[in-house]
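Take a look at the structure set out below.
The values are calculated or read from the model by the stated rules, or taken from the named source; none is laboratory data. Everything quoted here is computed from the prediction, not taken from an experiment. Heads up, the Cβs are rebuilt from the backbone with ideal geometry, glycines too, and the neighbour counts pull from every protein chain shown.
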Amino acid sequence: MTERKTRLDSLAVTLLVGCCFLWGLNQVAAKAALPEVPALQQAAIRSAGGALLVWLWAMARGIRLFERDGTLRGGLLAGALFAAEFGCIFIGLQFTTASRMVVFIYLSPFVVALGMPFIAHSERLSASQLVGLVAAFAGVAWAFAEGFTRPAAGERQWVGDALGVAAGVLWGATTLAIRASRLTAASAEKTLLYQLAVSAVMLAFAAAITGAPLPRELSVLAWSSLGFQVVVVTFASYLLWFWLMRRYPATRLASFTLLTPVFGLLMGALLLGEPITTRLIVALVTVAAGIVLVNRR
């Protein structure tokens, strides 16, 4: 098993910033394609395409994916949580803005921070780190309340916001499931393939139940969005994320991903013309403070 480092070095920080930018842009890309590609169909295509690319990548590199190593139970659980997470995201984007969705998804680090001490005692947080997480959570909660008082995306914005919160909890639970199972010693490719393959089947089944048809023709924008989600985000960035998870503390990695809402907010405003409210800005400031407190020496 690869030796796990205790802190994030310059390589990890650089790779994480790149991933955060891509993940922030991902919600904007998904939102842009929703008028043409229904939510669950889009999520299923994303997982199936990513699974195929991961399998081809592993075959080309000679990485064994199907040998018995005790990871099946953890892999199925992680895949089911992954499917539920992205089902919430894509359905939620029909009711709320991409900017708000990306803020609420990143409640995930709080779930990881609370759960990791039960899995790895070395990742127990100090008092100041807990203060950072609580401050960030308070900012996100305040932004969520805006969905009831001044909804920018319609009267049902709170539904999309709630699904974003659920997605964040599910993402954190997925991270904990991986670290608590034998998947923590598996290759990044195998860990990711479990999640993509299982979620592709579950999401495709859910899409078939809803009965929403796929359009016969797609615009350049829709094709570009799907290509970006499958190749760049689902395949490349997630593969990199699981590589990082095998080498660095999960709590510190998860807290650093709170940079993603910053990029998501900016991209939503620039590309989709979504409003930037005071509450969202305050939420991002408290999130940034949380990153500093959790990762400081």
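Observations on the structure shown:
- Contacts under 9 angstrom Cβ, first residue in the stretch 266-286 being at positive phi, partner crowded, with 21+ Cβ neighbours inside 10 Å and among the polar types (S, T, N, Q), 6 or more apart: none
- Residue within the stretch 204-220 that is out of contact with any strand residue (DSSP E or B) (no Cβ under 6 Å at 6 or more places or on another chain), on the phi > 0 side of the Ramachandran plot and not in a helix (DSSP H, G or I) present: yes
- Residue count for the stretch 31-48, restricted to those that are in contact with a Ser or Thr (Cβ under 7 Å, 6 or more places away or on another chain) and part of a helix (DSSP H, G or I): 5
- Pairs where the first residue, in the stretch 215-234, is in contact (Cβ under 8 Å) with a residue 60 or more places away in the chain and surrounded by 14 or more Cβ atoms within 10 Å (Cβ to Cβ) and the second is hydroxyl-bearing (S, T, Y) and part of a helix (DSSP H, G or I), C-beta under 9 Å, 6+ apart: V230/S47; T234/S47
- Screening M267 on (1) at pLDDT 75 or above; (2) closer than 20 Å to F104 by Cβ; (3) surrounded by fewer than 20 Cβ atoms within 10 Å (Cβ to Cβ); (4) not β-branched (V, I, T) shows it passes everything except condition (3).
- Of all residues in the stretch 62-77, those satisfying the criterion of being touching a residue at least 24 places away in the same chain (Cβ under 8 Å) and assigned to a helix (DSSP H, G or I) are R73, G74, G75, L76, L77.
- The single residue among F137, F144 that is modelled with pLDDT under 75, surrounded by 14 or more Cβ atoms within 10 Å (Cβ to Cβ), within 18 Å of the chain's Cα centre (by Cα) and assigned to a helix (DSSP H, G or I) turns out to be F137.
- Of everything in the stretch 171-203 that is in a helix (DSSP H, G or I) and hydroxyl-bearing (S, T, Y), the residue that is nearest to I45 (Cα to Cα) is S199.
- Meets criteria (within 19 Å of A207 (Cβ to Cβ) and in a loop (DSSP other than H, G, I, E, B)) for F82: no
- The residues on offer are S99, S128, and the sole one that is surrounded by 20 or more Cβ atoms within 10 Å (Cβ to Cβ), of a type in the set (S, T, Y) and either part of a helix (DSSP H, G or I) or at pLDDT below 85 (or both) is S99.
- Candidate set from the stretch 102-123 (those that are aliphatic (A, V, I, L, M) and in a helix (DSSP H, G or I)); member that is surrounded by the fewest Cβ atoms within 10 Å (Cβ to Cβ): L114
- Residue match in the stretch 107-118 (condition: modelled with pLDDT of 85 or more, in contact with a helix residue (DSSP H, G or I) (Cβ under 8 Å, 6 or more places away or on another chain), among the small types (G, A, S) and within 30 Å of L8 (Cα to Cα)): no
- Scanning the stretch 52-73 for residues that are at pLDDT 90 or above and of a type in the set (G, A, S), we see that the one that is farthest from V169 (Cα to Cα) is A60.
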